[in-house]
Amino acid sequence: MSTWGRLAELPLQIEDYALEPLRALVSSEFERASTVIRLHGAAQEGLGEDVTYDAVDHELLQAAGPNLPLRGDFTLRSFGERLAELDLFPAVPQREVSRRYRIWAYESAALDLALRQAGTTLHAALGRTPQPVRFVVSLRLGEPPSLQPLRVRLDRYPGLRFKLDPTSSWDEPLIAELAATGAVESVDFKAYYTGSIVDQPADPELYARVVRALPDAWIEDPALTPETEPVLAAHRERFSWDAPIHSVADIEALRHPPRMVNIKPSRLGGLRNLLDAYDYCDERGIGCYGGGQFELGVGRGQIQYMASLFHADAPNDVAPSAFNLPEPPAGLPASPLAATPAALGFRWE
């Protein structure tokens, strides 16, 4: 039986729902907004988190209130079908991918609620054992770039490992300093982002400097152009893909068969898409790691839970959210995170 097949017919009763706004200043120098979805039914509550990036999309959702026709008796399969019939946005979202993020919010809340109503947990329903989760911290080094954001974290947590976003302003001395730390597990060239604060155009000189200095790091989302291909050709075994991956079809469509992909639950959108992608990669020996979206609430624990079941010993970009604060506090957990699923549902303690 497929992984999705183990969950699809789980019963779900919804009586009403509520929306909870969250906001925090994170390390990429912007104020992150998210919305917690709270589904209620049969004296239980299921939680999910909408990680849509544009604050205006959250403001419009929260102003409209819980006005979707979600009351009723479903299975997880039929609930997903109901969502597909609805426009989850009061106005056209700023980015089309945000529709997937919001589907994930509602479906993860539905999964949590259905499991709680059934008196069970995700790992029990899937017949899997949660494992300690190895994680990296996703970080940008600012403009002009500086090792200070990395140093402030390493000084407090010497064992941390990082996923960094190179920019064209990275010069040879900076990259040499980064390499000397031995703390960089992956570099994300952000080739598929346009109109965002993290855009990075294809830059063959930057690529050459980075891949040469960091020979063991995964290379995520490079731009494959006539100028960059010669620089990257010898490093294809290190390619990993994130932003273009929304489904199994997207993995199949990659120009070079991957050894590794970043499976972000929110970017895959629905539960079936996500679980089918896990099955596809497992059957073909493709490695996976998880990725977050600066979750502020329950969503972070949920992606850590997924990582614990499907790719625990990988460079998972699922560090505890406080590592994204400008000044991470003392006392945060080290990698690997202990496996701490809640006693019921789809939550991480």
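The values are calculated or read from the model by the stated rules, or taken from the named source; none is laboratory data. Note that the coordinates shown come from a computational prediction; the quantities given were computed from them, not determined experimentally. With ideal geometry, Cβ positions are generated from the backbone for all residues, glycine too; neighbour counts draw on all protein chains shown. Surface areas here come from the heavy atoms of the whole protein model, side chains and all, with no ligands, DNA or RNA. Shrake-Rupley method; radii C 1.70, N 1.55, O 1.52, S 1.80 Å.
The mean sequence distance of close C-alpha pairs (under 8 Å, at least 6 residues apart), as a share of the length of segment 23-180, puts its relative contact order at 22 percent.
At a probe radius of 1.4 angstrom, the accessible area of the chain per residue rounds to 41 square angstrom.
Using the Karplus relation 6.51 cos²θ - 1.76 cosθ + 1.60 with θ = phi - 60°, the per-residue 3J(HN,Hα) values for segment 317-331 come to 8, 9, 4, x, 4, 5, 5, 8, 5, x, 10, x, x, 6, x Hz, with x marking Gly and Pro. Accessible surface of segment 100-177, 1.4 Å probe: 49 percent of it comes from carbon and sulfur atoms. Residues in segment 273-287 carry Karplus couplings, in order, of 4, 5, 5, 5, 5, 4, 4, 4, 5, 4, 5, 10, x, 8, x Hz; the curve used is 6.51 cos²θ - 1.76 cosθ + 1.60 with θ = phi - 60°, and Gly or Pro positions show x. Annotation: amide H-H contacts under 5 Å for M260 (H modelled 1.01 Å from N, sequence separation of 5 or more, or interchain): G287. Ordered by solvent-accessible area of protein heavy atoms (1.4 Å probe), largest first, the residues E9, E205 come out as E205, E9. The mean of 1/r over all distinct Cα pairs in the chain, once inverted, gives the Kirkwood hydrodynamic radius of 20.8 Å. Annotation note: trypsin sites (Lys or Arg not before Pro) in segment 256-302 located in DSSP loop regions with a Cβ neighbour count of at most 16 within 10 Å are R259. In this structure, the amide hydrogen of A314, modeled 1.01 Å from its nitrogen in the peptide plane, lies closer than 5 angstrom to those of R134, counting only residues at least 5 positions away or on a different chain. In this structure V231 has an accessible area near 40 Å², from a 1.4 Å probe over the protein heavy atoms.
Explain nothing, just the number: relative contact order of the chain, from Cα pairs under 8 Å at least 6 residues apart, as a whole percent. Across the chain, relative contact order equals 22 percent. Averaging 1/r over each pair of different alpha-carbon atoms in segment 1-95 and inverting the result gives 14.9 Å, the Kirkwood hydrodynamic radius. Across segment 1-90, the mean sequence separation of Cα contacts (distance under 8 Å, 6 or more residues apart), normalised by length, yields a relative contact order of 32 percent. Using every pair of distinct Cα positions in segment 69-193, the Kirkwood expression returns a hydrodynamic radius of 18.8 angstrom. Taking Lys and Arg as +1 and Asp and Glu as -1, the other residues whose beta-carbon sits under 9 Å from that of F135 total +1. Shape annotation for segment 292-343: C-alpha extents along the principal axes are 31, 23, 19 Å, from largest to smallest.
Distance between the 7 Å Cα→Cβ label points at D54 and R99: 1.4 nm.
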